[in-house]
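Colleague: Here you go, one structure.
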């Protein structure tokens, strides 16, 4: 099988010796070509050319950001194709959280994950998964999402496990700023940043409104977590499950929060940390499961993140479920 391996040389949990071992192991099983990513968006560009260059699979050694870029390259190059007509995705986790890989059941260790991938290759195991898609205006403030702004005025991006508007995206933005100063993206950095940011965020004026077809709007929402699978993320080895019913085979799930104070947050955290399979309970929660499409609108520009990547401030984002989008070797 002709396979293109995309390697992020700056991945958090791998070093040159490990990468060399993994490349030799994969190269013994497939016809392998290796490309290193050199800048943001490079993995998307390389993955976008994979089908035209005759590759049957694209393997990725990197974190969730590199995975997301690769997925967007694969789908962006062939947006109307069935999953079976695109190169198969091969995942080798090399980041700090590796949510996408772990949600698929792969080991968090890159060497162990490579062993699992090679077993799947030997046994011919592939899984077809759905993705999420986010659509927004390319400026902070754009026309109403119901208006036809034309293809040049909208941007879209696929996501593998989560997206969010509001408080959680503000935390992602703050962490990206800290990482630019050289700090590592370890779980403690996210937790400490989230706690500090809670006390400086606006907890009095909810900005978000949820719109779904043929239903009344849900208003006065402080934060919205959109999930394509579960868990939403990890705190070290512990999964965080605000939307425990979400799967790669169903539509999108959402958890919104109408009150942002210490008692509400403490009650929510207690319910979502660990291996839980029941929905969080609370009168200040907005929840739904297996939705095909919905829109989040904001009274003012709010922070937006997708697969842990901060994408600026926006006044609306449309979310869509894309079923049977991609084949993954697992």
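The values are calculated or read from the model by the stated rules, or taken from the named source; none is laboratory data. Predicted model, so just to flag it, every value in this text is computed and none were measured. Glycine also receives a Cβ, built like all others from the backbone with ideal geometry; neighbour counts cover every protein chain displayed.
Colleague: Can you tell me which residues in segment 239-274 are assigned to a loop (DSSP other than H, G, I, E, B), in contact with a strand residue (DSSP E or B) (Cβ under 7 Å, 6 or more places away or on another chain) and closer than 30 Å to residue 83 by Cα?
Modeller: 242, 243, 245, 246, 248, 249, 250, 251
Residues are listed down the side, and each one gets a yes or a no for (1) more than 20 Å from residue 328 (Cβ to Cβ); (2) without any contact (Cβ under 8 Å) to a residue 40 or more places away in the chain; (3) under 19 Å from the mean Cα position of the chain (by Cα):
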{"position": "7", "(1), (2), (3)": "no, no, yes"}
{"position": "52", "(1), (2), (3)": "yes, yes, no"}
{"position": "84", "(1), (2), (3)": "no, no, no"}
{"position": "100", "(1), (2), (3)": "no, no, yes"}
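Colleague: Name the one entry in 200, 171, 195, 191 that is more than 30 Å from residue 127 (Cα to Cα) and either in contact with a helix residue (DSSP H, G or I) (Cβ under 6 Å, 6 or more places away or on another chain) or not assigned by TED's automatic domain parsing to the domain that holds residue 314 (or both).
Modeller: 171
Colleague: Further, regarding this structure: Please indicate, with yes or no, whether at least one residue in segment 28-36 is over 22 Å from the mean Cα position of the chain (by Cα), farther than 16 Å from residue 160 by Cβ and in contact (Cβ under 8 Å) with a residue 60 or more places away in the chain.
Modeller: Yes: segment 28-36 contains one or more residues that are over 22 Å from the mean Cα position of the chain (by Cα), farther than 16 Å from residue 160 by Cβ and in contact (Cβ under 8 Å) with a residue 60 or more places away in the chain.
Colleague: State which residue is nearest to residue 237 (Cα to Cα) when the search covers only segment 58-85 and only residues that are surrounded by fewer than 21 Cβ atoms within 10 Å (Cβ to Cβ) and in contact with a helix residue (DSSP H, G or I) (Cβ under 9 Å, 6 or more places away or on another chain).
Modeller: 65
Colleague: Still on this model: For residues that are touching a helix residue (DSSP H, G or I) at 6+ places or on another chain (Cβ under 8 Å) and part of a strand (DSSP E or B), scanning just segment 224-238, find the one that is modelled with the lowest pLDDT.
Modeller: Out of the qualifying residues, it is 235.
Colleague: Hey, can you tell me all the residues within segment 119-135 that are assigned to a loop (DSSP other than H, G, I, E, B) and either within 22 Å of residue 75 (Cβ to Cβ) or in contact (Cβ under 8 Å) with a residue 40 or more places away in the chain (or both)?
Modeller: The one that is assigned to a loop (DSSP other than H, G, I, E, B) and either within 22 Å of residue 75 (Cβ to Cβ) or in contact (Cβ under 8 Å) with a residue 40 or more places away in the chain (or both): 125.
Colleague: List pairs: first in segment 285-298 and outside any strand (DSSP E or B), second crowded, with 16+ Cβ neighbours inside 10 Å, Cβ under 8 Å, 6+ apart or cross-chain?
Modeller: Pairs that qualify, where the first residue is outside any strand (DSSP E or B) and the partner is crowded, with 16+ Cβ neighbours inside 10 Å, are 292/251; 292/252; 292/320; 292/321.
Colleague: Right, residue 106: crowded, with 21+ Cβ neighbours inside 10 Å and more than 17 Å from residue 233 (Cβ to Cβ) or not?
Modeller: no
Colleague: Another question, then. Out of all the residues in segment 192-223, which are in a loop (DSSP other than H, G, I, E, B) and in contact with a strand residue (DSSP E or B) (Cβ under 6 Å, 6 or more places away or on another chain)?
Modeller: 206, 207, 212, 217, 222
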